[in-house]
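Participant: Quick one: the structure is below, questions incoming.
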Amino acid sequence: MDNSHKLQLSKEEMKQYGYQVIDTIVEHFDTENSKKPVSLASREEMDLLFKTEAPEEPTNYKEVLDFVTAKVLPNSSIVTHPKSYSFVPGPSNFVSVMADTLATGFNIFSGGWAASPAAAELEIVTMNWLLKLFKFPTTKGGGIFTSGGSMANLTALVTARRQRCGDDFSKAIIYLSDQAHSSNIKAIRVLGFKKEQIRIIPTDIEFKMAINKLKNAIAKDRLEGLQPFCIIASAGTTNTGTVDPLNEIAKICKTEKLWFHIDGAYGGAAILSKKGSKLLKGIEKADSVAIDPHKWLYQPYEMGCLLVRNHKWLSETFTEKPEYLRDIEGNQSEINFYDHGIQLTRRFRALKFYMSMKTFGLSAFKKAVSYSIDLAEEVEADLRKSANWEVVSPATLAVINFRYNPIGKNYSEKQLDAINQEISKRVVDSREALLVTTVLQNQVVLRMCLINPRTTFEDVKDTLKSCEAFALEII
């Protein structure tokens, strides 16, 4: 009898397959420093490798796995590499990778208590760890793990709109800075707000939200009969790592009765370090905070998180009671996380955070975050000693921006922009490091995000040496 429809391998085949997968992952972790972090390929090249019709007949499982190992994995940039400096790297850790494998292998549904009490309980437990770290109330507060910061911000804004505006948000106004992450604008538009309902507040010379301009905008909107309802502050902007004046914004929100959301998707985890905690003072006053464990808490993709001061805000916003779920509703302490967010079907994200935290301990995470902040400051000090480099935005929460601008050369701004853009291109084309540009104060600058605890000062010095060599070729 043909049993192919069962989609199964034999026990021995599964073991061989699994061993090869694990061996491949272990080898990757062990040797990634010796690999090139950047993958470059055109659509045409990828089509030549992969484009095919869906196969009608089976292929030997080992042949498929060997093909993926040889062709798919090498054609992906290594965001865990010590010289992956751009965007926000994803350092990850092996324990969490294995935890994800377990969660996926058992295909655990993490939406409701009845389907997996253990999955729901571990999400409650790990959420309480985070609530305590951010000094949110652990009894009254709550939260939910999401796919990433984008979904965490969207979930927060849906909640804010429901709690502050009810069903009518036609006059509602939301405020954020010109350095806020683009995911916030996307979330606002997804929720149906018009462009006219968004206020982009300019930032000051340190890239922080300008408080006086924020107050003026709120006052003007109230005088025009509009409904200010939410301020989004940044706790670690992607561009510069800057933290908005959280305490001052908290006061405004309290006085004006506005929802205070903090996008800490990048910088929130810095609360684990003494320096970071000092910069993040006031974060505990927010109504909601988005953080991204798959960034600076070293989890593999995907894992974002939303924390709120009152867990009832989530259930009041997202709970629906379809007939097919009526038999699995538990008591109020048995949380169904599909009632706390947008997704009904949810993967078991809490497991990787739980297992890695239990394995390494909170102190190791604290040391890793502190190391990254110190490393960026060391890089800044080194750049300032050089006649070739200009620091444009100082090291803040492990992000630093700088440009090649040698003393005595007197290049024009246009020439400097072109030189630094070309330096970035040549570094990336060499595939030796991922170092791209951003624009600050109308200047093209090189940006490093140094949250990988396995990145060394020597790694950075080696990359800067390459940059200088490329610069000499350009000019």
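Participant: Could you tell me which residue of segment 440-461 is nearest to the chain's Cα centre (by Cα), considering only residues that are part of a helix (DSSP H, G or I) and loosely packed, with under 15 Cβ neighbours inside 10 Å?
Facilitator: Step by step, filter segment 440-461, then rank; the result is PHE457.
Rundown of residues vs (1) charged (D, E, K, R); (2) touching a Phe, Trp or Tyr at 6+ places or on another chain (Cβ under 8 Å); (3) over 24 Å from LYS352 (Cα atoms), yes/no style:
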| site | (1), (2), (3) |
| --- | --- |
| ALA41 | no, no, yes |
| GLU45 | yes, no, yes |
| PRO58 | no, no, yes |
| LYS71 | yes, yes, yes |
| LEU102 | no, no, no |
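Participant: While we're here: Within segment 160-208, restricting attention to residues that are within 23 Å of SER315 (Cα to Cα) and part of a loop (DSSP other than H, G, I, E, B), which residue is most open to solvent (accessible area, probe 1.4 Å)?
Facilitator: My answer is ASP167.
Participant: Of everything in segment 40-66, what is open to solvent by less than 100 Å² (accessible area, probe 1.4 Å), closer than 15 Å to SER4 by Cβ and in a loop (DSSP other than H, G, I, E, B)? Give them in sequence order.
Facilitator: THR59, ASN60
Participant: Scan segment 169-182 for residues that are out of contact with any Leu (no Cβ under 9 Å at 6 or more places or on another chain) and more than 11 Å from PHE193 (Cα to Cα) and jot them down. Steps first, please.
Facilitator: At the first step, the residues of segment 169-182 found to be out of contact with any Leu (no Cβ under 9 Å at 6 or more places or on another chain) are 170, 176, 178-182.
Passing the criteria: LEU176, ASP178, GLN179, ALA180, HIS181, SER182.
Participant: Something else now. Which one of these does THR255 not meet: (1) more than 30 Å from ARG454 (Cα to Cα); (2) of a type in the set (Ser, Thr, Tyr); (3) surrounded by fewer than 21 Cβ atoms within 10 Å (Cβ to Cβ); (4) under 18 Å from the mean Cα position of the chain (by Cα)?
Facilitator: Every condition holds for THR255 apart from (4).
Participant: Give segment 396-416 a look and list any residue that's under 30 Å from GLN299 (Cβ atoms) and in a helix (DSSP H, G or I), or say none.
Facilitator: None - no residue of segment 396-416 is under 30 Å from GLN299 (Cβ atoms) and in a helix (DSSP H, G or I), so the list stays empty.
Participant: For segment 1-13, which positions are open to solvent by 100 Å² or more (accessible area, probe 1.4 Å) and either within 16 Å of THR59 (Cβ to Cβ) or within 34 Å of the chain's Cα centre (by Cα) (or both)?
Facilitator: LEU7, GLN8
Participant: Could you list all residues from segment 405-433 that are touching a strand residue (DSSP E or B) at 6+ places or on another chain (Cβ under 6 Å) and open to solvent by 50 Å² or more (accessible area, probe 1.4 Å)?
Facilitator: Within segment 405-433, GLN421 is the sole residue that qualifies.
Participant: Could you tell me how many of the residues in segment 219-238 are buried (at least 21 other Cβ atoms within 10 Å of the Cβ) and out of contact with any His (no Cβ under 8 Å at 6 or more places or on another chain)?
Facilitator: Here the count works out to 4.
Participant: Is it the case that ILE78 is open to solvent by less than 50 Å² (accessible area, probe 1.4 Å) and either within 29 Å of TYR17 (Cα to Cα) or touching a Leu at 6+ places or on another chain (Cβ under 8 Å) (or both)?
Facilitator: Judged against the criteria, ILE78 is a match.
Participant: In this structure, is ILE211 closer than 28 Å to ASN401 by Cα and either surrounded by 22 or more Cβ atoms within 10 Å (Cβ to Cβ) or of a type outside the set (A, V, I, L, M) (or both)? Quick ask: steps written out before the conclusion?
Facilitator: Numbers: closer than 28 Å to ASN401 by Cα: yes; either surrounded by 22 or more Cβ atoms within 10 Å (Cβ to Cβ) or of a type outside the set (A, V, I, L, M) (or both): no.
It is false that ILE211 is closer than 28 Å to ASN401 by Cα and either surrounded by 22 or more Cβ atoms within 10 Å (Cβ to Cβ) or of a type outside the set (A, V, I, L, M) (or both).
Participant: Right, something else. Return the only residue of GLU284, GLU248 being farther than 30 Å from PHE94 by Cα, of a type in the set (D, E, K, R) and within 22 Å of the chain's Cα centre (by Cα).
Facilitator: Values: GLU248 fails: within 22 Å of the chain's Cα centre (by Cα).
Among GLU284, GLU248, only GLU284 is farther than 30 Å from PHE94 by Cα, of a type in the set (D, E, K, R) and within 22 Å of the chain's Cα centre (by Cα).
Participant: Just need a number here: residues in segment 22-39 that are under 20 Å from SER430 (Cα atoms) and in a helix (DSSP H, G or I). Show your work before the answer.
Facilitator: Here is the first cut: in segment 22-39, the ones under 20 Å from SER430 (Cα atoms) are 31-39.
If we keep only those that are in a helix (DSSP H, G or I) too, we end up with 31-34.
Residues flagged as under 20 Å from SER430 (Cα atoms) and in a helix (DSSP H, G or I) within segment 22-39 amount to 4.
Participant: Count, please, the residues in segment 193-217 that happen to be free of Cβ contacts under 8 Å to residues at least 12 places away in the same chain and closer than 16 Å to LEU154 by Cα.
Facilitator: 1
Participant: Take PHE402 and tell me if it is within 19 Å of GLY268 (Cβ to Cβ), under 24 Å from the mean Cα position of the chain (by Cα), buried (at least 18 other Cβ atoms within 10 Å of the Cβ) and aromatic (Phe, Trp, Tyr).
Facilitator: Against the criterion (within 19 Å of GLY268 (Cβ to Cβ), under 24 Å from the mean Cα position of the chain (by Cα), buried (at least 18 other Cβ atoms within 10 Å of the Cβ) and aromatic (Phe, Trp, Tyr)), PHE402 does not qualify.
Participant: Of all residues in segment 1-21, count the ones that are touching a residue at least 12 places away in the same chain (Cβ under 8 Å) and hydrophobic (A, V, I, L, M, F, W, C).
Facilitator: Qualifying residue count for the region: 2.
Participant: Tell me which of these ILE25 doesn't satisfy, since it passes every other one: (1) free of Cβ contacts under 8 Å to residues at least 60 places away in the same chain; (2) within 29 Å of SER84 (Cα to Cα); (3) out of contact with any Leu (no Cβ under 7 Å at 6 or more places or on another chain).
Facilitator: Only one criterion in (1) free of Cβ contacts under 8 Å to residues at least 60 places away in the same chain; (2) within 29 Å of SER84 (Cα to Cα); (3) out of contact with any Leu (no Cβ under 7 Å at 6 or more places or on another chain) is unmet by ILE25, namely (1).
Participant: Which condition from (1) at pLDDT below 95; (2) open to solvent by less than 70 Å² (accessible area, probe 1.4 Å) is the one that THR437 breaks?
Facilitator: (1)
Participant: Return the residue satisfying two criteria in turn: it lies in segment 68-120 and is hydroxyl-bearing (Ser, Thr, Tyr), closer than 29 Å to TYR338 by Cα and part of a helix (DSSP H, G or I), and of such residues it is nearest to the chain's Cα centre (by Cα).
Facilitator: This residue is SER96.
Participant: Restricting attention to segment 362-395, report how many residues are in contact with a Lys or Arg (Cβ under 6 Å, 6 or more places away or on another chain) and assigned to a helix (DSSP H, G or I).
Facilitator: Qualifying residue count for the region: 1.
Participant: Which condition does THR139 not pass, out of (1) at pLDDT below 95; (2) closer than 24 Å to PHE360 by Cβ, if it passes all the others?
Facilitator: Tallying (1) at pLDDT below 95; (2) closer than 24 Å to PHE360 by Cβ, THR139 fails exactly one: (2).
The values are calculated or read from the model by the stated rules, or taken from the named source; none is laboratory data. Just so you know, these numbers come straight off a predicted model, no measurement behind them. When we count neighbours, we look across all protein chains shown, and the Cβ atoms used for this are built from the backbone with ideal geometry, even at glycine. Ligands, DNA and RNA are excluded from the accessible area calculation, which covers all protein heavy atoms including side chains. Shrake-Rupley method; radii C 1.70, N 1.55, O 1.52, S 1.80 Å.
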